[in-house]
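What follows draws every value from the coordinates through simple rules; no lab data is involved. Just so you know, these numbers come straight off a predicted model, no measurement behind them. Counting neighbours? That spans all protein chains shown, and the Cβs are built from the backbone with ideal geometry, glycine included.
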Amino acid sequence: MEYNFKELEAKWQRRWREEKTYHVEVDPSRPKYYVLDMFPYPSGAGLHVGHPLGYIASDIYSRYKRQCGFNVLHPMGYDAFGLPAEQYAIQTGQHPAVTTERNIARYREQLDKIGFSFDWDREVRTCDPEYYKWTQWAFLKMYDHYYCNDSQKARPVSELVEAFAEHGSEGLNAACTSEMHFTAEEWNGWDEAQREQVLQNYRLAYRADTTVNWCPQLGTVLANDEVKDGLSVRGGFPVEQKRMRQWLLRVTAYAQRMLDGLDELAWSDSLKEIQRNWIGRSVGAQAFFPIKGDDRKLEIFTTRPDTIFGVTFMVIAPEHEWLDSLTTDENRAAVEEYVAATKKRSERERIAETRRVSGVATGSYAINPFSGREIPIYVSDYVLAGYGTGAIMAVPAHDSRDYAFARHFGLEIIPVVEGGDIEKESYDAKSGRMINSGFLDGKDVKEAIAEMFAEIERRGIGKRLVNYRLRDAIFSRQRYWGEPFPVYYKDGTAHPLSEEQLPLELPPVDNFGPTAEGEPPLARAAGWHTAEGYPYELSTMPGFAGSSAYYLRYMDARNDKALVGREANEYWRSVDLYVGGIEHATGHLMYSRYWNMFLYDIGCVCEQEPFSKLVNQGMIQGRSNFVYRVVGTNTFVSAGLRGGYETQEIHVDVNIVRNDILDLDAFRAWRPEFADAEFILEEGKYVCGWAVEKMSKSMYNVVNPDYIVDTYGADTLRMYEMFLGPLEQSKPWDTNGIDGVHKFLRRFWRSFFDRSGAFAVTDEEPTPKELKTLHKTIKKVREDIENFSFNTSVAAFMICLNELGECRKRAVLEPLTALIAPFAPHIAEELWSMMGHTTSVCDAAYPVFDEQYLAESSFEYPVSVNGKLRFKREYPLSATPAEIQADVVTADEAQKWLDGKTPKKIIVVPGKIINIVI
RNA sequence: GCGGAUAUGGUGUAAUUGGUAGCCACGUCAGACUUAGGAUCUGAUGCCUCGCGGCGUGGGGGUUCGAGUCCCUUUAUCCGCACCA
């Protein structure tokens, strides 16, 4: 019987669907395991061969876990709100819901062909009102909570209100935008709007005037992780800094917890490091510098309080609130000109000119609280408004940026740490002996820092402070295709809807672009207000809103009473294995952790961290092919012969090239201008050149998984994607080589049949050699799956088959079928049922993964003499070092190498190595 | 500039984690069969050399009986952050 993968794969996919093979329910009698993929944004281009890589890996793992007896939750859904659908809508007038629906259908069709074990009954779509109801709900909860630094958790704002009424801001230790001080009398005297203004300073979801990343082309603001090198990640448009009133999430309140939580996560070190850098914790001192002729004090943050005696000037950011009041009349014109020039520069220009020194004196002076010197205050854009206090104390001798600034403006440079040569450059290292620093002289830098912290607090100049680079997340987008905010405005103050009013559904509009007045598209929606006529918020939520808690919704996807029911949540708890791309390191993976921690604080979920283990699959690049046209002709020269010609390199569709050999007829048919192409061949073939590039339409290197499934079958696609290389490594897709895997599956299939083609599995007893091969393979594949080393497990299957030769014994083939099922489920199901089983192989309570199979294995010990490896001997694992040692010394082989001498030393490491030193 | 990762045949990769480098495939070469095919099967295939033998894991040095693996140094590529005070 032939291996008819087409028929057989269709048959099993149909059966899995009809019998709901992969449907799961809460089952307290079995241990659970939750395997999650990062759900896709359904783009119009459909899936290419790189997209399913992670899905295949996670599918193998979930099928494996299921065969090990776990109740496996393995869901899938769509991150369906987003920019591309909206951009498309603006251009074509097609409603994003329509294109999204169409794209989802296409994605589903493509996914189904690959044979995933998803429980589609739990599908979620972020754009579905039944789903985004809970996104809005979480937002309302954040609005209703503040972060208490003492108890390190979110608490209801109502508690805050009570406390304010009783004793004002006294004793309050809460995460806030800026520190506020007021008495109970003041609080009680304020009206509702004034109180709300104060509360916005504390709410976890709040509205504030902040400097935002504004992208004019997209007509919206963006979060920090959505901007790279001054360009929008989506679309690559320039981004500028602008001050706007926006909704924000107080993620900074959770900075320390998110940092601490990383230690316990089974994530890659590089990913954890990216998050640590993004959070950017630094310990330093807050200090207030008196201003000459002013009773205010300028607040700065420094990590080098030891160098205060070396402060010779101060710098504030162009956006600093006090800039205007610190500027003297003589300097006003220059300062205003400087600020205007700074504002005009885009974020991108600013980054490009990073090393250019610029700035202007304000004319004001501060007083160094330690040296008592009068020091000038400058304004310069090398000081960022968004970090610390937007003002610094400058120590040119020990900070390269301050040094460059001081040199440029001829300012004084006072060394306070020994070690460098300040004539040439600043000495930034945190080591050396203090000089010119009064009571710190002679001390080591580390000592001096500690001492300075104490001294600053003792003198009341400031205090020790932890600062984070992490910024609160800007949460509004001036877009249509996103979740509406469940908020309306009354007298300019935001009011939340009640939970019963959710979901607040996205209204229809006739045009998806911004209005002529520059208002968001929702301004076009007729009736976008409450029954009383109060207008709703015009912005919508950003992309990360819907993806922040989707893993929770899968646990209990059809619950209309709660985001997730208690029973479901306490059973599934959190994601045990999360597979997805590393590009979400500072976006989704930060926001999800924040979101989950918040839900944990309010008692909605039972785990603090959402994703205990995370695997980042590498990206699949394209492998482009080229043909070489002799310039000025329509003649194409084969890659190996092009040396003698002046040629032009042209991308050719990889789908008409096989093993780098061009299909000449297909090429002539590919495009009209090549219809009469001539070829200069080498050995009768046209050999194409190749290069690794991004997989994209314009490079003609997109390989569609549907094509691979049609030609080779889903099982081949699955195994080949794994065989390509280590999961976490980025690698080019190369269809050359897929034959090897396909050939293996055909051989595997054939080993169940005799030469006449009849099913011929026998009940014969396997030989010890066959059993050894089987056990070795089981051990290897098990370990490989646990280590996500799927490429080596595919190799292990091939080796196994090579070693077994023509073995048709049930006792060997049955466990092997169960073992291969996670990788190639269709062929495994078919053979499994042919062997007489009536249940699915994925439910096989077959002891294929049992320890008993491993117990019989023996291990080889390499034996070396003087470091030169001489021979291998086999010992059972139970053998003691003493036994092995005695055996080696008395063995004839060993004697041969010992050459009659008595060994000086014998090293025996059980399970590893025996070394004899003569 | 700071931080992280990677480097092995013509290609993708593997190496009992310090123990015979190149498993498993692709490709190539040779052969068998053949309805002549981009099917199937068998064998060879790191480099140099007719051979003996020598050389080989980006380069240099070190530790070790023994290094692809550990340490130092250097180069190249990729990724993240970046006037972060």
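Descriptive notes on the structure:
- Helix axis angle, A:768-786 relative to chain A longest principal axis, alpha carbon, degrees: 10
- Ranked list, fewest to most other Cβ atoms within 10 Å of each Cβ, for A:K809, A:K424: A:K424, A:K809
- Using the Cβ-Cβ distance between A:S29 and A:T183 with R0 set to 56 Å, the FRET efficiency works out to roughly 0.40.
- Long-range HN-HN contacts of A:V615 with modeled amide H, under 5 Å: A:Y578, A:V579, A:G580
- Net length gained if the chain between A:A165 and A:Q608 were fully extended (0.36 nm per residue, minus Cα distance): 156.2 nm
- Pairs from A:K685/A:K731; A:K20/A:K113; A:K731/A:K779; A:K65/A:K113 whose Cα-Cα separation, in the structure shown, is over 25 Å: A:K685/A:K731; A:K731/A:K779
- Simple spin-label estimate for A:E693 and A:K561 in nanometres, 7 Å along Cα-Cβ: 5.8
- Sites A:D260 and A:S282, calculated FRET efficiency, Cβ-Cβ separation with R0 22 Å, nearest 0.05: 0.90
- Paramagnetic reach from A:R234 in segment A:258-281 [backbone N under 11 Å; point 7 Å along Cα→Cβ]: none
- For chain A, the 222 nm mean residue ellipticity estimated from helices alone, with every DSSP H stretch of n ≥ 4 adding -39500 (n - 2.57) and the total spread over all residues, rounds to -10000 deg cm²/dmol.
- Between the helical axis of A:825-834 and the longest alpha-carbon principal axis of chain A there is an angle of about 30 degrees.
- Label-zone membership for segment A:365-401, site A:A340, 7 angstrom Cα→C-beta point, backbone N under 20 Å: A:379-381
- If the chain linking A:K772 and A:E806 were pulled fully straight, counting 0.36 nm for each residue of separation and taking away their Cα-Cα distance, it would gain 10.7 nm.
- Computed from the C-beta positions of A:S158 and A:A516 and an R0 of 60 Å, the FRET efficiency is 0.90 to the nearest 0.05.
- As a ratio to 2.2 N^0.38 Å, the alpha-carbon radius of gyration computed for chain A takes the value 1.16.
- Per residue, the average separation of C-alpha pairs within less than 8 Å and at least 6 apart gives chain A a relative contact order of 13 percent.
- Shape call, segment A:236-378: gyration tensor on alpha carbons, a/c limit 1.5: oblate
- Angle of helix A:83-92 to the longest C-alpha principal axis of chain A, folded into 0 to 90 degrees and rounded to 10: 90°.
- Residues A:M722, A:M798, A:M244, ranked from the fewest to the most other C-beta atoms within 10 Å, line up as A:M244, A:M798, A:M722.
- Taking 0.36 nm per residue of sequence separation and removing the Cα-Cα distance, the A:S833/A:E109 pair yields an extension gain of 258.0 nm.
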